Structures are given as structure tokens and as C-alpha cells.
Amino acid sequence: MVSEPFKEMLKPTPRQPKWLRYGLFVMATITIKDLPDSLHLELKEQAKENDRSLNGEVISCLRLSVATKRTDKKVNAEALLASIDRVRNSHNVRFDAELHARTLSEGRP
């Protein structure tokens with residue numbers, strides 16, 4: 001049972017978005033145009049294998065894609081930091097402040 005204050009809040013008004021007007025909480029919707037038939041078929045087969053709806057499979061693929069990109073960025077950053085540490089700790093490389101300043105100012109007015 002919905003309490004009276006909540007019912008009052010859900011009363012439709014023209015300025016409220018549709019999802020609030022009707023008391024529904026709706027997630028975003030995407031329309032994919034020009035989806036190749038072969039990809040559609042692959043997604044349907046994959047969804048069946050994973051015991052999901054086509055929509056659930058597409059959401060799963062998108063989540064995996066986004067998570068993989070986040071992980072790749074972290075791995076690349078860690079590899080870069082490790083590379084920097086190797087150079088810093090190398091006995092053959094010395095920081096030359098004068099050379100650094102000269103290099104930064106070259107070609108600048």
C-alpha cells in the first residue's frame with residue numbers, strides 16, 4: 001500500500017517527466033540502427049547459450065566492454081609507472097636540470 005504523501009507526489013502534472021508522471025522508474029533505452037543481420041543472429045545465439053534474453057545479452061556485452069576498457073587503462077598505467085621506475089632506478093640515467101630547462105625552452109618565444 002502506498003502512503004498518502006507518496007501518492008500526492010506521484011500525481012501526474014504536465015511538467016513532470018513521463019516516468020514520474022505515471023509512478024514508474026524507467027531505465028534508459030537505446031535504439032540500434034542498421035544492425036547487420038549476421039551480428040543480430042550471433043547475439044541471439046549467444047543469448048540462448050547464456051540463457052538470457054537478447055536485451056540481457058546486449059547489456060552484458062556492453063558491461064563487459066566498458067569493464068575491459070577500464071581494466072586496460074589501469075594495466076597500461078601500471079606498466080607505464082613500472083617503466084618509469086626502471087628508468088629512474090637505472091644507474092646509467094642521471095637527471096640533468098640544466099639540460100631539462102634548455103630542452104623545455106627550445107623553440108619557444
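Here, each number is a calculation from the coordinates, and none is a lab measurement. Computed from a predicted model, the values in this text were never measured in an experiment. Neighbour counts run over all protein chains shown; Cβ positions are idealised from the backbone, glycine included.
Okay, here's what the table says:
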{"read-out": "Label-to-label distance, nm, for residues given as Ala28 and Leu54 (7 Å Cα→Cβ offset)", "value": "2.2 nm"}
{"read-out": "Approximate spin-label separation His40-Leu81, in nm, with each point projected 7 Å along Cα-to-Cβ", "value": "4.6 nm"}
